[in-house]
Amino acid sequence: MHTIESSAIKAIDALSRRLRGTVMRPEDPRFSIGRRVWNAAIDRHPAALVVCDDAEDVALAIRIAADHGTAVTVRSGGHNVAGRSVADGALLIDLSRMRAVVVNERAKAAVVQGGALWHDVDLATARAGLATTGGLVSSTGVGGFTLGGGTGWLMRRHGLAIDNLLAAGVVLADGRFARASVTENAELFYGLRGGAGGLGIVTSFEFRLHPLRQVLAGLIVRPATEASDTLRTFRDFASTAPDEFCGVMVIAHAPPLPFLPASWYGEPVIISALCWCGEPDAGERALEPLQRFGSPLAAHIGPMPYVQWQHMLDGSAPAGRQQYWKNATCDVLSDEVISLLASAANDLPTRYSEIHLQHLGGAVAQVAEADTAFASRRAGFFVNLIGVTPWAEELPELRRRVRRLYDQLTPYALPGLLPNFSGQDDGGLTARLDAARAQRIGSLRQRYDPHGLFVSG
Ligand SMILES: Cc1cc2nc3c(=O)[nH]c(=O)nc-3n(C[C@H](O)[C@H](O)[C@H](O)COP(=O)(O)OP(=O)(O)OC[C@H]3O[C@@H](n4cnc5c(N)ncnc54)[C@H](O)[C@@H]3O)c2cc1C
């Protein structure tokens with residue numbers, strides 16, 4: 001039995017009377033599923049779920065929580081692997097009913113409600129032949145993704161999600177609404193772009209959109225014995241790659257892809273996931289060096305609607321598994337790092353675990369460091385160690401093995417990490433920032449949330 005403070009009970013009573021949306025208490029049969037997040041390893045017990053219908057509801061929830069001194073968390077897609085959207089004893093403000101997306105074709109912009117998923121945005125913008133940088137898996141929430149920077153297939157051409165953010169509508173810790181942009185509440189806008197939350201609840205994001213219908217994209221699967229060559233080729237290619245290109249190297253056990261010989265299902269492989277968002281003929285030529293070496297087991301690359309590519313990896317990331325992730329950023333991809341990753345290819349912690357290597361650069365690196373709170377613009381590459389198991393009892397061993405590989409990587413890594421991929425034991429996100437940035441974000445949190453209403457990393 002989890003005890004709930006009497007002040008929280010009073011707040012829940014008041015909300016139950018006044019909220020347009022739904023308040024779910026622990027005794028509500030929907031609560032036990034509703035408190036869950038994507039990562040099943042997170043097992044926390046909020047005081048109640050406050051499912052808001054609209055921004056007015058969000059403001060009401062904040063005011064009532066503040067009046068009763070009850071801490072809150074906010075949840076959009078619930079995909080944060082560290083479970084930053086749910087905390088024991090806090091009110092969980094759930095935005096899952098606030099998923100509307102309004103596209104203005106002429107202005108090439110979209111207004112997106114704070115609880116939308118990338119799926120919602122990608123479908124709505126695709127209808128107008130437009131797109132913006134979103135997550136690689138379409139069930140990821142726009143909210144947490146954007147506040148942590150937001151890396152995706154289009155980032156090297158069009159920037160991170162935060163670089164396309166034109167404005168945000170925010171409910172502040174005192175329940176007031178504020179609009180943040182480069183001209184309104186500019187310091188708040190700085191913090192929202194990569195500061196990973198804790199400054200208010202964003203009820204609407206306004207994004208710049210870009211004309212894009214088709215991409216040239218697909219997968220090349222090679223045996224894990226070719227991991228070293230694949231990573232080296234990718235590294236060398238990435239150093240001069242055009243901004244239209246974005247690639248992710250995935251070390252995994254082969255999923256049952258329809259174009260892969262069945263004898264390879266479940267075997268250790270390295271998959272090059274490649275996306276070209278420019279002119280297709282130029283893409284065919286540009287991607288050639290990534291295709292012509294080694295002995296691929298299968299290659300499946302071709303033109304397809306961007307929105308289809310955006311949904312391509314969804315099946316690889318179902319909710320409800322136990323996850324333990326670590327993230328490392330590197331300036332350059334040294335031979336030592338390549339050799340560590342290549343040997344890990346034959347020794348992944350579980351058959352569900354993966355390693356993702358991605359590059360930054362291009363438009364990401366063009367934005368001035370001081371313009372946004374995102375701290376890793378100058379990193380060349382980042383590695384995500386994605387530890388996964390369906391079984392809770394395997395979690396301690398999974399952690400140990402992911403951690404061991406991470407410890408081997410850290411001598412070659414930069415001090416920072418990408419907030420979006422921070423794990424359960426990465427602590428407060430500002431702890432890994434340079435002193436000036438940490439101080440700037442710290443003062444912002446002090447100014448916008450002086451009483452610590454938002455539980456944040
Ligand atoms: C399968 C998968 C794929 C991913 N792919 C990518 C990727 O390609 N690129 C990338 O950058 N990241 C990626 N991520 C990481 C992801 O962006 C982060 O975990 C992000 O925090 C998830 O956002 P969310 O809204 O789904 O999560 P939540 O758990 O709901 O929220 C995460 C944090 O943001 C806060 N928050 C959420 N919405 C709001 C809001 N509207 N206002 C204020 N605070 C808010 C929450 O309180 C919490 O602190 C991926 C994660 C998963 C699980």
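A few notes on this one:
- For segment 9-38, a residue qualifies if it is more than 26 Å from the chain's Cα centre (by Cα) and within 16 Å of the ligand (Cβ to nearest atom), and exactly one does: 21.
- Filter result for residue 189 (more than 12 Å from the ligand (Cβ to nearest atom) and in contact (Cβ under 8 Å) with a residue 40 or more places away in the chain): no
- Of the residues 148, 134, 77, the single one that is closer than 30 Å to residue 393 by Cα and under 12 Å from the mean Cα position of the chain (by Cα) is 77.
- Of the candidates 262, 238, 252, the single residue that is closer than 20 Å to residue 157 by Cα and of a type outside the set (Phe, Trp, Tyr) is 238.
- Top-ranked residue of segment 118-163 - restricted to ones that are buried (at least 24 other Cβ atoms within 10 Å of the Cβ) and of a type in the set (Ser, Thr, Tyr), ranked as farthest from the ligand (Cβ to nearest atom): 125
- From the list 426, 434, the lone residue that is buried (at least 16 other Cβ atoms within 10 Å of the Cβ), acidic (Asp, Glu) and touching a residue at least 24 places away in the same chain (Cβ under 8 Å) is 426.
- Extreme residue, modelled with the lowest pLDDT, among residues of segment 370-399 that are closer than 28 Å to residue 434 by Cα and charged (D, E, K, R): 378
- Residue check for residue 109: within 11 Å of the ligand (Cβ to nearest atom) and surrounded by fewer than 24 Cβ atoms within 10 Å (Cβ to Cβ): no
- Unmet requirement for residue 416, which otherwise passes all of (1) in contact with a strand residue (DSSP E or B) (Cβ under 7 Å, 6 or more places away or on another chain); (2) part of a helix (DSSP H, G or I): (2)
- Selected residue (only one of 74, 103 is farther than 30 Å from residue 324 by Cα, touching a helix residue (DSSP H, G or I) at 6+ places or on another chain (Cβ under 9 Å) and among the β-branched types (Val, Ile, Thr)): 103
- Unique residue being within 16 Å of the ligand (Cβ to nearest atom), among the hydrophobic types (A, V, I, L, M, F, W, C) and more than 23 Å from residue 372 (Cβ to Cβ) when the list is 217, 254: 217
- Checked against (1) closer than 30 Å to residue 71 by Cβ; (2) touching a Gly at 6+ places or on another chain (Cβ under 7 Å); (3) basic (Lys, Arg), residue 222 meets all criteria but (1).
- Yes/no for residue 89 being more than 9 Å from the ligand (Cβ to nearest atom), in contact with a Pro (Cβ under 8 Å, 6 or more places away or on another chain) and either part of a loop (DSSP other than H, G, I, E, B) or polar (S, T, N, Q) (or both): yes
- Pairing residues of segment 4-25 that are surrounded by 18 or more Cβ atoms within 10 Å (Cβ to Cβ) with residues that are in a loop (DSSP other than H, G, I, E, B), at Cβ distances under 6 Å and at least 6 apart in sequence or on separate chains, gives 4/47; 8/47; 8/70; 11/68; 11/70; 21/52; 21/53; 24/30.
- Checking each residue in segment 319-340 for being surrounded by fewer than 16 Cβ atoms within 10 Å (Cβ to Cβ) and at pLDDT 95 or above picks out 319, 320, 334, 335, 336, 339.
- A single entry from 82, 71, 47, 66 fulfils the requirement of being hydrophobic (A, V, I, L, M, F, W, C), surrounded by fewer than 24 Cβ atoms within 10 Å (Cβ to Cβ) and away from the ligand (no atom under 12 Å from the Cβ): 66.
Each row is one residue, and each column tells you yes or no for (1) within 16 Å of the ligand (Cβ to nearest atom); (2) closer than 16 Å to residue 362 by Cβ.
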residue: 201; (1), (2): yes, no
residue: 211; (1), (2): no, no
residue: 222; (1), (2): no, no
residue: 227; (1), (2): no, no
residue: 230; (1), (2): no, no
residue: 234; (1), (2): no, yes
residue: 237; (1), (2): no, yes
residue: 242; (1), (2): no, yes
residue: 248; (1), (2): yes, yes
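- Hey, residue 34 within 30 Å of residue 391 (Cα to Cα), surrounded by fewer than 23 Cβ atoms within 10 Å (Cβ to Cβ) and in contact with a Leu (Cβ under 8 Å, 6 or more places away or on another chain) or not: yes
- Test result for residue 6, more than 17 Å from residue 147 (Cβ to Cβ) and over 28 Å from the mean Cα position of the chain (by Cα): yes
The values are calculated or read from the model by the stated rules, or taken from the named source; none is laboratory data. None of these values were measured; they are calculated from a predicted model. All Cβ positions, glycine included, derive from the backbone under ideal geometry; neighbour counts span all protein chains shown.
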